[in-house]
Structures are given as C-alpha cells and as structure tokens.
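Reviewing the structure listed below.
The values are calculated or read from the model by the stated rules, or taken from the named source; none is laboratory data. For clarity, every value in this text was computed on a predicted model and none was experimentally measured. Here the Cβ is made from the backbone with ideal geometry for all residues, glycine too, and neighbour counts use every protein chain on show.
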Amino acid sequence: MRCEIQKIIDQLEEVFTGSPWHGASIISQITDIDESIVYVRACEQHSIIEIVYHMINWRLFAISRLEKNVPSLKFFEENDWIIIKKKDNHSWNDAIQTLYSTQEKLIQLLKAINEELLDKIVTERNYTYKHLFTGIIHHDIYHSGQIAYINKLFKRESK
C-alpha cells in the first residue's frame, strides 16, 4: 500500500501544475511572468529567477538523496541563493525548463520508492524523508507567494 507516498505526489503535483487552494500553481504563475522583470532584485533581495533556482537546488537535493548519489550537503548550501544577472548564462526559459524537469524527476523517483523510506533519516540531516518531501511542498508554496508578490510589484511599477 502506497497511500502516504501517493498523498505526497498528489500534493507536489497540485501545487506545481494543479489548482491549489492558495492560488495559482507554480507553473501557471511563472509562465505568465514577463521575462524583463525576472532578473530585477526587489529591495536588494532575491530576484524571481534566483528564487526559482533556489527551488531547483532543493529539488536536486531531494533527488540526490533518492538516487543515493549523495553530493555533500555543503554542495547544495554552496549552490543555494546564487546571484543571477541577465548577462549570465541563465535564461528564464532554461530556469522554467529546469524547474519542470526536476519536478518530473522527483515525481518519477517517488513513484518508485518503498513507503518504508519515508520514516528513514535523510543523509546529513536530522529529519525523515517524509519531512523532506512535505518540506518541498511547503517550500514551493512559500516561494510561490514571494514570486507572485514580486511579479505584481513590478507589473504595477511598469504601468
């Protein structure tokens, strides 16, 4: 019986491409953003593209733990919150595609695991796999709100 894993998969998909209760899905939200604003840092904070790459980074962390291809936690910490400028080799389309592909990979791996893994401790962490996967869901919702706010802020300013 795979009830718990299926609940996690359903929630990941709902937040990412579905019709979540809290508002727009991540994909519908980010594909509606004008590329001209994704590199702009609001109030010296992170830009939309930086937030998306931050979300990608922690999906890659979860994927690496499931694949047992375990770069150290330090690798993910060092690649977290990278500064991205328009002139860099990080296009908005690449960011969207990478986020989408890491989501698909995570779902694919979750479909293949044994439910017993959910109660095991994640390598280099002090929490379970269930906590990690539900954390990705919460993380997505949190950053989705930030992205929506930044997008609205710059849409309003450009009028």
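A few notes on this one:
- Output for segment 1-36, where each listed residue is of a type outside the set (A, V, I, L, M) and not in a helix (DSSP H, G or I): ARG2, GLY18, SER19, PRO20, TRP21, HIS22, GLY23, SER25, THR31, ASP32, ASP34
- For segment 88-130, residues that are more than 17 Å from ARG59 (Cα to Cα), charged (D, E, K, R) and touching a residue at least 12 places away in the same chain (Cβ under 8 Å) total 1.
- Any pair with Cβ under 8 angstrom, 6 or more apart, that starts in segment 5-32 at a residue that is closer than 18 Å to ILE107 by Cβ and ends at one that is among the polar types (S, T, N, Q) and surrounded by fewer than 13 Cβ atoms within 10 Å (Cβ to Cβ): SER25/SER19
- Selection count where residues are at pLDDT 95 or above and of a type in the set (D, E, K, R), scope segment 8-49: 3
- Residue, nearest to LYS155 (Cα to Cα), within segment 37-49, restricted to residues that are part of a helix (DSSP H, G or I) and touching a residue at least 60 places away in the same chain (Cβ under 8 Å): ILE37
- Of all residues making up segment 81-118, the number that are more than 30 Å from GLU35 (Cβ to Cβ), surrounded by fewer than 11 Cβ atoms within 10 Å (Cβ to Cβ) and not hydrophobic (A, V, I, L, M, F, W, C): 2
- Here ILE136, ILE147, ILE48 are screened, and the one residue that is farther than 24 Å from ILE9 by Cα, aliphatic (A, V, I, L, M) and crowded, with 17+ Cβ neighbours inside 10 Å is ILE48.
- Of the helices (runs of 4 or more DSSP H) lying entirely inside segment 50-159, those containing at least 2 residues that are at pLDDT 95 or above and within 29 Å of TRP21 (Cα to Cα) are 92-112, 129-157.
- Check on ILE56, crowded, with 16+ Cβ neighbours inside 10 Å, in contact (Cβ under 8 Å) with a residue 24 or more places away in the chain and either closer than 30 Å to VAL122 by Cα or acidic (Asp, Glu) (or both): yes
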